[in-house]
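> Below is a structure I'd like to ask you about.
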Amino acid sequence: MALVTWRRILAGRVVTRVVPYRYEGERFTSEWIFNGAGPGTLHVGYDDCGVHLDGALSDASVFVDGEQLEMSTFEPPPAS
């Protein structure tokens with residue numbers, strides 16, 4: 001996800017992403033809705049109506065270049 005999109009999420013804007021993936025040879029999609037239920041929320045759902053996460057963005061594990069970010073202290077770099 002682009003840094004500009006993360007800035008939108010951290011600013012409280014609603015952002016939705018649909019991400020295809022494969023599991024055991026089958027193709028599925030996941031839907032990620034940031035701030036949909038209010039600022040700082042994240043809902044991750046699947047094709048089959050399953051839900052992986054429905055809660056706070058801070059409950060998610062976010063990795064950048066293999067390093068886990070602490071969402072409570074994450075500050076995006078200033079816009080260039």
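The values are calculated or read from the model by the stated rules, or taken from the named source; none is laboratory data. Here the structure is a predicted model, which is why all the values come from computation and not from measurement. Cβ sites come from the backbone with ideal geometry, for glycine too, and all protein chains shown count toward neighbours. Side chains included, ligands, DNA and RNA excluded: accessible areas come from the protein's heavy atoms. Shrake-Rupley method; radii C 1.70, N 1.55, O 1.52, S 1.80 Å.
> Would you confirm, using the coordinates I've provided, whether Gly38 is modelled with pLDDT of 90 or more, farther than 17 Å from Leu69 by Cα and surrounded by fewer than 12 Cβ atoms within 10 Å (Cβ to Cβ)?
yes
> Sticking with this structure for a sec: Looking at Asp48, Asp54, which one is among the acidic types (Asp, Glu), open to solvent by 20 Å² or more (accessible area, probe 1.4 Å) and outside any strand (DSSP E or B)?
Asp48
> Right, next: Just checking, which of Thr5, Thr29 is open to solvent by less than 90 Å² (accessible area, probe 1.4 Å), assigned to a helix (DSSP H, G or I) and of a type in the set (Ser, Thr, Tyr)?
Thr5
> Every residue in the stretch 32-45 that is assigned to a strand (DSSP E or B) and among the polar types (S, T, N, Q), please.
Thr41 - this is the single residue of the stretch 32-45 that is assigned to a strand (DSSP E or B) and among the polar types (S, T, N, Q).
> Of Ala60, Ala56, which residue is hydrophobic (A, V, I, L, M, F, W, C) and at pLDDT below 85?
Answer to the selection: Ala60.
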